[in-house]
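Throughout, read-outs are computed from the coordinates displayed, never taken from laboratory work. The model shown is predicted, which means the values in this text are computed figures rather than measured ones. Counting neighbours? That spans all protein chains shown, and the Cβs are built from the backbone with ideal geometry, glycine included.
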Amino acid sequence: MVGSVIPSSRFLSKKMLQPIDFKRAKVIIELGPGTGVFTKELVLQKHPNCQFVVIELNNAFFEDLKNELQIPNVHLVHASAVEISNILRKLQLAKADFILSSLPLSNFPVDLRNQIFNEIKSNLKSGGKLIQFQYSRGLKKLYGSHFKKVSIDYTVLNFPPAFIYTCTNS
């Protein structure tokens, strides 16, 4: 459920947010925010009219974030990533321009991982991007089996060092 016991660094946060076009994004989704390292930066940088959906399954993380995210156009949802379609429908929101994920997908059972990828792909606009970090470079084939375009960035200024996968839905 948790990918690392140490929160992500500001260097990883900067790299994760780099592919996001904050001027054009109307809907951004974050999956598995944990302690909210990326969440806090997204709240600061997003356009005021952008709808930001934060999906967290872990009870403790959800409760901690609940107090911090009482902000207009920020929707904190206590749910699983396999529920993206239902969540967007309930909130009456369009597909996402960007989905940011901290989920340790490589640790998930194959069926669950595929369900999450299907939800992500079906809820990203054409040309939308999934931005995902993992601690392994050997996952390009996995992401490439779900997305046509996959690029990888890297930061050593995180413990452990992290790989950032940017996957484009076309």
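If I take R0 = 35 Å and measure r between the Cβ atoms of F11 and A94 in this structure, what FRET efficiency does the formula 1/(1 + (r/R0)^6) give, to the nearest 0.05?
0.65
Please compute the net charge surrounding L112, taking Lys and Arg as +1 and Asp and Glu as -1 over other residues with Cβ under 13 Å from its Cβ.
That works out to -2.
Rank by packing, highest mean first: peptides 119-131, 79-91, with packing defined as the count of other Cβ atoms within 10 Å averaged across residues.
Final packing ranking: 119-131, 79-91.
Of K46/K95; K23/K141; K14/K129, which pairs sit farther than 27 Å apart, going by alpha carbon to alpha carbon?
K23/K141, as the Cα separations exceed 27 Å there.
Could you derive backbone 3J(HN,Hα) for the stretch 20-25 from the dihedral phi with the Karplus parameters 6.51, -1.76 and 1.60 (θ = phi - 60°), listing whole Hz in sequence and x where the residue is Gly or Pro?
For the stretch 20-25, the Karplus-derived couplings read 7, 8, 5, 6, 9, 5 Hz, x marking Gly and Pro.
Which length gain, in nm to one decimal place, applies between A60 and Q45 when the Cα-Cα distance is subtracted from 0.36 nm times their residue separation?
Length gained, A60 through Q45: 2.9 nm.
Would you mind working out the magnitude of the charge dipole of the chain relative to its Cα centre, with +1 at each Lys and Arg C-beta and -1 at each Asp and Glu C-beta, to the nearest 20 Debye?
The dipole of the chain has a size of about 720 debye.
Rank H47, V82, G127 by how far each Cα sits towards the positive end of the charge dipole of the chain (+1 on Lys, Arg Cβ; -1 on Asp, Glu Cβ) and give me just the farthest.
Of the candidates, G127 comes out farthest on the positive side.
Round to the nearest 0.05 the FRET efficiency obtained for I71 and K26 when R0 = 22 Å and r is the Cβ-Cβ distance.
FRET efficiency, I71 to K26: 0.85.
Find the relative contact order for the chain and round it to a whole percent, using C-alpha pairs within less than 8 Å whose residues are 6+ positions apart.
This gives 24 percent for the chain.
log10 I(q)/I(0), Debye, Cα-only the stretch 21-170, no solvent, q = 0.09 Å⁻¹?
Scattering profile of the stretch 21-170, log10 relative to I(0): -0.25.
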